[in-house]
1. Within the stretch 87-117, take every residue that is within 15 Å of the chain's Cα centre (by Cα) and hydrophobic (A, V, I, L, M, F, W, C) and give me the one that is modelled with the lowest pLDDT.
2. Residues being part of a loop (DSSP other than H, G, I, E, B) and in contact with a helix residue (DSSP H, G or I) (Cβ under 9 Å, 6 or more places away or on another chain): count how many of those fall in the stretch 30-40.
3. Mind listing whichever residues of the stretch 98-117 are aliphatic (A, V, I, L, M) and either in contact (Cβ under 8 Å) with a residue 12 or more places away in the chain or in contact with a strand residue (DSSP E or B) (Cβ under 8 Å, 6 or more places away or on another chain) (or both)?
4. Filter the stretch 72-117 down to residues that are of a type in the set (A, V, I, L, M), closer than 23 Å to residue 6 by Cα and in contact with a Leu (Cβ under 8 Å, 6 or more places away or on another chain), then give me how many there are.
5. Please name all residue pairs, on different chains or six or more residues apart, with Cβ atoms under 9 Å, provided the first residue is in the stretch 17-29 and is at negative phi and assigned to a strand (DSSP E or B) and the second residue is basic (Lys, Arg) and surrounded by 15 or more Cβ atoms within 10 Å (Cβ to Cβ).
6. What are the residues in the stretch 47-66 that are under 13 Å from the mean Cα position of the chain (by Cα) and buried (at least 16 other Cβ atoms within 10 Å of the Cβ), if any?
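The values are calculated or read from the model by the stated rules, or taken from the named source; none is laboratory data. Everything numeric here is computed off the predicted structure, so don't read it as measured data. Positions of Cβ are generated from backbone atoms using ideal geometry, with glycine treated the same way; all protein chains shown enter the neighbour counts.
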Amino acid sequence: MKGAWGEAAARGYLTRAGYRIVDCNFRTRFGEIDIIAQVGEYLVFIEVKTRKNDRFAAAREAVTPQKQARILAAAEKWLQAHHPVSLQPRFDVIEVYGEEGAPLPPRINHLENAFGG
């Protein structure tokens, strides 16, 4: 499954970059958050978009204002349940370009503070 492979690639990238993975695939009736991670003073809610390539459009373009609103609502529910009061929330998008089993590793583009308020 392309999405699961892309999320695994994103988790590996984040771990190598010094992020600590806190939660994955957090689902509510409002929406889903692919990865929740901590880095420094930030609690980062991350949407992962996986594509074979960016020939037709950047993967981040799939994170529409409606999708952003669902992620924000899900993040609010996660924060209500977990109370990490000392961390500043941030909303990132990670684009993963490639295919599972391809000879080259995936190309990862991390957009920090991509949306939200």
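1. This residue is 115.
2. 2
3. 108, 111, 114
4. Adding up the residues that qualify gives 2.
5. 21/11; 24/11; 26/77
6. Matches in the stretch 47-66: 47, 48, 49, 50, 59, 60, 63.
For (1) at pLDDT 95 or above; (2) surrounded by fewer than 19 Cβ atoms within 10 Å (Cβ to Cβ), each residue gets a yes or a no:
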| site | (1), (2) |
| --- | --- |
| 9 | yes, no |
| 13 | yes, yes |
| 20 | yes, yes |
| 30 | no, yes |
| 45 | yes, no |
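The rows are residues; the columns are (1) assigned to a loop (DSSP other than H, G, I, E, B); (2) touching a residue at least 24 places away in the same chain (Cβ under 8 Å).
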position	(1), (2)
8	no, no
14	no, yes
47	no, yes
55	yes, no
86	yes, yes
